[in-house]
Amino acid sequence: MIPGPGFDAPELAGPALALLASLAGEAREDVRAAAAGGRGAALDAASGAALSAVTPTLVLRGLARLDGEARDHFVVSAPGAAAGVYAALARLGLFPPDAWPALLGRAGSPFEPLPTRDVPGVDWTAAGPAGSSLAAAAGLALAARRRGGSGRAFLLAGETELATGLAAEARRLARARNLANLCCVVLSPEPPPGLLVDFRRDGWHASGADGADPRSLHAAIREGLASGLPSLLACRVNARAGERDGREAAGTAAIPPARDVPVATLLARLPERPSGVVVPRGAGEPAAFPPEAAVSPAKAFAAALGGFSTGEGDPPAAAVLSGEGSAELAAALEARGPDAVVPCASPDLAAAFASGLSLGGVAVWWIASGPAAALAPGLHLLDVNGASVRVAAVPSGESRGADSHGLFGVVAALPGGKLFAPADANQADRIVRWVGVHRGSFVVSLPRHPVPAARLEDGAAAFAGPYLFDPKRADHLRAGEEIALACSGSSLPEALAAWELLAARGTRVDLFSLPSLTDVGEGALVAMARTGRLVAVDEAGARTGLGAWLQARFNDLGLLVRVRRLGVTGWMGGDDRDERLARLGLDPASVARAVEQEIVRRGTLGPRVDPGIRSF
């Protein structure tokens with residue numbers, strides 16, 4: 001890195017300036033060598049954008065603080081500039097200069113057309129819509145403030161990153177939170193006057209600088225950081241930057257790429273980087289809702305949120321909100337400071353902002369109200385960046401159930417997706433507390449309508465008292481023969497009522513409730529397969545929900561089980577949940593009828609499976 005006080009120095013001069021100039025020449029030669037080697041063509045390595053990004057990257061990262069509570073963050077979203085960013089970071093000593101050219105475009109490499117957070121020195125992966133990188137940088141800036149440090153967040157972006165509706169939402173959020181530690185540097189052949197006007201109108205400090213002159217960049221960045229406002233720097237770059245200026249001797253400093261080295265060997269040479277995520281230890285004491293109570297899981301979540309991240313040494317907590325009615329669920333965090341609850345204008349803004357907060361060391365809940373499909377891009381961002389954001393997915397209407405119809409498909413499509421669906425308020429309380437002290441991004445589906453407390457056959461509350469949530473567990477609530485009935489989330493009251501109907505007719509079946517739709521363990525699956533027949537009911541799509549997923553898992557384990565799938569078979573509106581379930585065939589009478597039909601079909605599938613276990 002560049003020795004000296006960095007942006008705290010009144011001007012850039014002497015050895016620091018000379019070193020920056022030397023590294024810039026070497027990095028540009030590395031970019032040209034990569035382009036000549038063939039693989040760089042995929043990243044447009046020799047373009048003016050790539051070469052023009054070298055000096056701004058050297059200044060932003062070379063003069064930044066890298067350690068402690070004052071650590072600065074660096075986000076990149078500048079199409080065409082990736083090779084220049086890589087060359088500059090390598091010349092700053094963050095990884096070997098010959099590693100990135102050899103890894104360009106190769107499978108498993110972090111050196112992609114847009115830099116990812118797997119590249120040492122880069123703090124976020126720009127994998128979302130244009131504008132999300134500005135939102136993430138704003139989240140990193142607020143995280144530094146929430147943690148009580150003096151760290152700053154720098155964004156190096158192209159014009160397209162800052163000229164979208166999402167970027168407009170992000171810049172207004174940054175100004176509303178007065179993120180004076182946020183600095184955006186936009187690369188442009190000419191300072192775009194419209195962009196500067198837009199940022200100034202929204203309360204930002206906006207100025208210009210020569211992108212090839214380290215002194216000009218240093219002075220303009222210092223001016224922005226001292227303004228007391230979030231700052232935008234329009235960085236003029238040379239469209240002919242690919243031409244040598246006479247001070248760079250062709251090929252003298254370039255590192256030849258190691259083409260014959262295996263990818264795994266090259267990756268091993270990259271330093272490990274800290275994730276930035278801090279996991280709380282405090283979750284508070286579990287609540288207990290009596291068996292006669294009917295409480296919505298969403299309200300149970302709101303009550304449990306007060307115990308989130310309250311242990312000694314825990315990181316600061318925050319809730320990011322999107323959608324109608326989400327603010328009331330975050331009331332328990334409002335007393336933790338003016339930045340503890342942050343409303344956002346859209347789900348995309350909320351997800352990117354929350355990921356920045358998480359990667360900056362804040363413990364975060366994203367409370368999202370609205371349709372599941374609107375959450376898909378944001379959940380993808382969290383997954384790609386390895387953020388630890390807990391998502392409370394609630395429907396927008398008070399009388400509607402959880403939107404698991406679309407939510408299951410959205411979460412299941414993510415490589416790291418984890419979805420939990422509590423069956424009542426007691427289980428919601430325990431799931432929320434479990435999620436709060438574990439690392440990862442989890443989605444908890446929380447209906448707003450009151451749900452009766454689930455009871456064991458002796459009348460005791462099923463998910464209170466000694467109950468402990470375990471994502472690998474399937475809760476065996478009723479014992480029986482002939483067939484198994486499995487449900488998830490808020491479908492449990494209908495499944496229990498169906499079980500009672502069947503018991504009154506002399507038929508007892510196994511009843512399982514699955515709070516985790518993605519993590520249930522092998523032992524639970526084997527237990528559910530005991531009779532060789534199963535009816536699965538939930539409010540997800542019949543072709544993609546619980547039944548389809550259980551069938552796939554049984555197949556993985558070689559278990560011969562016939563699965564009858566009950567779920568959503570078409571779009572259904574209306575605020576009366578009971579009427580809607582009846583029309584979809586998910587009411588107790590319809591579920592009981594489906595179970596009886598499957599019992600009649602006995603003998604069509606061969607012998608039962610006997611797992612030989614009683615505890616799971």
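Structural remarks
- Positive-end residue of Ala138, Ala495, Ala464, charge dipole of the chain with Cβ unit charges: Ala495
- His205 accessible area, assembled protein chains, probe 1.4 Å, Å²: 40
- The equivalent ellipsoid of segment 342-478 has semi-axes of 27, 17, 13 Å, largest first, where each one is the square root of 5 times an eigenvalue of the Cα gyration tensor.
- Contact order relative to length of the chain, as percent, for alpha carbon pairs under 8 angstrom and 6 or more apart: 11
- Accessible area, probe 1.4 Å, largest first, for residues Trp571, Trp204: Trp571, Trp204
- Accessible surface area normalised per residue over the chain is 37 Å², counting heavy atoms of protein chains with a 1.4 Å rolling probe.
- Based on the reciprocal of the average 1/r between different C-alpha atoms, the Kirkwood radius for segment 11-151 equals 15.5 Å.
- Across segment 65-220, the relative contact order, built from alpha-carbon pairs under 8 Å that are at least six residues apart, equals 23 percent.
- Per-residue [θ]222 nm for the chain (sum of -39500 (n - 2.57) over DSSP H runs n ≥ 4, rounded to 500): -10500 deg cm²/dmol
- Glu69 - accessible surface, heavy atoms, 1.4 Å probe, Å² rounded to 10: 100
- Point-charge dipole on Cβ atoms (K/R +1, D/E -1) for the chain, about Cα centre, debye to 20: 600
- Accessible surface of segment 54-100 [probe 1.4 Å, protein heavy atoms]: carbon and sulfur percent: 51
- Sparse packing (at most 15 other Cβ atoms within 10 Å of the Cβ) combined with a DSSP loop state is found for the following trypsin sites (Lys or Arg not before Pro) in segment 526-589: Arg543.
- Of all accessible heavy-atom area on segment 138-229, the percent that carbon and sulfur account for (1.4 Å): 50
- When the solvent-accessible area of segment 353-398 is split by element, carbon and sulfur atoms take up 64 percent of it, the probe being 1.4 Å.
- Debye intensity ratio in log₁₀ form over the Cα atoms of segment 99-215, taken at each q of 0.22 Å⁻¹: -1.31
- All C-alpha to C-alpha distances of the chain, sorted into 20 Å bins beginning at zero, yield P(r) values of 20, 43, 27, 10, 0 percent in whole numbers.
The values are calculated or read from the model by the stated rules, or taken from the named source; none is laboratory data. All values derive from a computational prediction rather than experimental measurement. Cβ coordinates were reconstructed from backbone atoms using ideal geometry, including for glycine residues, and neighbour counts include every protein chain displayed. Note: accessible area is taken over every heavy atom of the protein model, side chains too, but ligands, DNA and RNA are not part of it. Shrake-Rupley method; radii C 1.70, N 1.55, O 1.52, S 1.80 Å.
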